[in-house]
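The values are calculated or read from the model by the stated rules, or taken from the named source; none is laboratory data. Please read these numbers as outputs of a predicted model, since none were measured by experiment. No Cβ is skipped: glycine too gets one built from the backbone with ideal geometry, and neighbour counts run over all protein chains shown.
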Amino acid sequence: MRILFRDLTVPPEPWLGFLRQAFPQASVELWQPGAAPADYALVWAPPQQLLDEQTQLKALFQIAAGVDALLKLRLPVGVPVFRLDDAGMAVQMAEYVCHAVIRHFRELDKVEVDTRAGRWQQRQPRSRAEFSVGVLGLGVLGQRVLKALEAFEFPLRGWGRTPRHLNGVQTFAGPQELPGFLAASRVLVNLLPLTPETENLLNTQTLSQLQPGGYLINVARGRHLVDEDLLALLGSGHLAGATLDVFRQEPLPPEHAFWRDARITLTPHTSARTLREDSLAQIVAKIRALEAGAAPQGMGGLVRLQVGY
């Protein structure tokens, strides 16, 4: 067996060492142009040359939950593509979103401003029943976020491309039910995959349908959001604020208006980081299953190329 690794954002040695320990009889190495044909490739943002040269792959593994960047490339025909379907990211995402929701609901951002200015000022408690939280995207991450939020007794809404039933959550499905979902939500959490259908979905038309004083939490992709539309809705007062972890350009340029708006909380794409050991254990298990003759269609994380995730 031959396995290639290509991810320029991480030190490769721990990944290679884990794979060599898991498959001691395999050849495991970094991809270089002109590399010999491999059975499997683990990649993040690979060059087109890698995909063009590797014509004998049994499977391609994306070292992330999102595959929008990978799907811009010409993929080998007939090769199954797998993404990470959790690998420790769901609990991180739940932590992040719960923190953002509670920080806004309890006005802890304003409390911080007061205390830094030396002001002792208590704030009037808000009605929890008036703070419905809507989650866009009901995959593994979306469901884990809703499960975590349930403990805080907010009214919960969820929207997905296809119908789902989730205990304790009012669910909506399909384009025809999106307006009703937005109107029923005061806090909007975006966890959608980025596809041609969802790019620029967070715009004036959709965000203005949130309840007055709405709040946006975007932890999916920067290209879901039309930046200028968010700023305009904040300026009009229809939206009270936003927490943004992802951006159209990363790092966020110093001149971007988001840096100067106190109503926007910014974090550097850190809501759910890839955990190496968890990710590798998941990938190794899939490789072993494929080598044993398992059908890719029965495995979690298989990317449906026709829908883009």
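Just a few scattered comments:
- The residues on offer are PRO33, PRO14, and the sole one that is assigned to a loop (DSSP other than H, G, I, E, B), surrounded by fewer than 13 Cβ atoms within 10 Å (Cβ to Cβ) and not assigned by TED's automatic domain parsing to the domain that holds GLU199 is PRO33.
- Filtered by the rule that a residue be in a helix (DSSP H, G or I) and surrounded by fewer than 17 Cβ atoms within 10 Å (Cβ to Cβ), the stretch 17-30 gives GLY17, ARG20, GLN21.
- Selection status of GLN282, among the polar types (S, T, N, Q) and out of contact with any helix residue (DSSP H, G or I) (no Cβ under 9 Å at 6 or more places or on another chain): yes
- Taken as a whole, the stretch 115-136 holds no residue that is in contact (Cβ under 8 Å) with a residue 60 or more places away in the chain and closer than 19 Å to PRO296 by Cβ.
- Members of the stretch 163-208 found to be under 21 Å from TYR309 (Cα atoms), buried (at least 20 other Cβ atoms within 10 Å of the Cβ) and more than 19 Å from the chain's Cα centre (by Cα), listed by number: PHE172
- Long-range neighbours under 9 Å by Cβ, at least six apart or interchain, first residue under 16 Å from LEU191 (Cα atoms) within the stretch 160-175, second of a type in the set (Ser, Thr, Tyr): GLY160/THR171; ARG164/THR171; ALA173/THR162; GLY174/THR162
- Of all residues in the stretch 92-131, those satisfying the criterion of being surrounded by 19 or more Cβ atoms within 10 Å (Cβ to Cβ) and over 16 Å from the mean Cα position of the chain (by Cα) are VAL101, HIS104, PHE105, PHE131.
- Condition check for VAL284: part of a helix (DSSP H, G or I) and either surrounded by 14 or more Cβ atoms within 10 Å (Cβ to Cβ) or not aromatic (Phe, Trp, Tyr) (or both): yes
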